[in-house]
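The values are calculated or read from the model by the stated rules, or taken from the named source; none is laboratory data. All figures in this text were calculated on a predicted structure; none of them were measured in a lab. For neighbour counting, all protein chains shown are included, and Cβ atoms are generated from backbone atoms with ideal geometry for every residue, glycine included. Just the protein is used for accessible areas: all its heavy atoms, side chains included, with ligands, DNA and RNA removed. Shrake-Rupley method; radii C 1.70, N 1.55, O 1.52, S 1.80 Å.
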Amino acid sequence: MPADMQGVVRLRGYREGDAAATLEVFQRAVRHTAAQYYDAEQIAAWAPDVVDLGAWHARRARVWTVVAELQGRVIGFADLADGGLLDMLFVHPDAGGRGVARVLVEAVCGHARSRGIARLVTHASRAARPVFDHLGFVLDAENKLNLVRGVRVPNFDMHLDL
């Protein structure tokens, strides 16, 4: 683990100034971690080089988004959309294996419970499925035909009863 990845992970709510940092986490997680599970065309469709940062921010601001920080650096984020959808869960590859995904999911679960949501659902990538399995999510279906920008990027429908 890099020396700058030592310390205590802190969770906080998403802020407008987090758009670029959360986008970087997303792109690094997809391009490095998920690249072990998907081909180059799938990765390019999922994490394109050009992303509208304003639209990215608007999407994070429309949902409940929690950010994980380490020594002031954004290392992960997760969000909860309407209907109990855990839509995004991404951790920077440099921070992998530290339990960051677990604490982010626990925060999402706590927020969902406070809103009276009894079930979380997610569309887990091949890379994320083992994490969700470990956290108690149940596989509902494999989506072999899931499309992202016209490219098949298979994933899994999963749920967790709270």
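Rg and Dmax of the chain, Cα atoms, in Å?
15.0, 41
Say a site is exposed when it is one of the trypsin sites (Lys or Arg not before Pro), sits in a DSSP loop, and has at most 16 other Cβ atoms within 10 Å; what is then the longest site-free stretch of the chain?
16-114
Take the solvent-accessible surface of the protein heavy atoms, probe 1.4 Å, and return the percent of it on the stretch 44-112 that carbon and sulfur atoms account for.
That share works out to 52 percent.
What fraction, in whole percent, of alpha-carbon pairs in the stretch 67-123 exceed 14 Å separation?
For the stretch 67-123, the fraction of Cα-Cα distances above 14 Å is 51 percent.
Given only helices, namely DSSP H runs of n ≥ 4 each adding -39500 (n - 2.57), what is the per-residue ellipticity at 222 nm of the chain, to the nearest 500 deg cm²/dmol?
Counting only the DSSP helices, I get -8500 deg cm²/dmol.
For the stretch 19-76, take the alpha-carbon Rg, divide it by the Kirkwood Rh, and send me Rg/Rh.
Here the Rg-to-Rh quotient is 1.00.
With a probe of 1.4 Å, find how much accessible area the stretch 1-91 has per residue, and write the answer as a whole number in Å².
50 Å²
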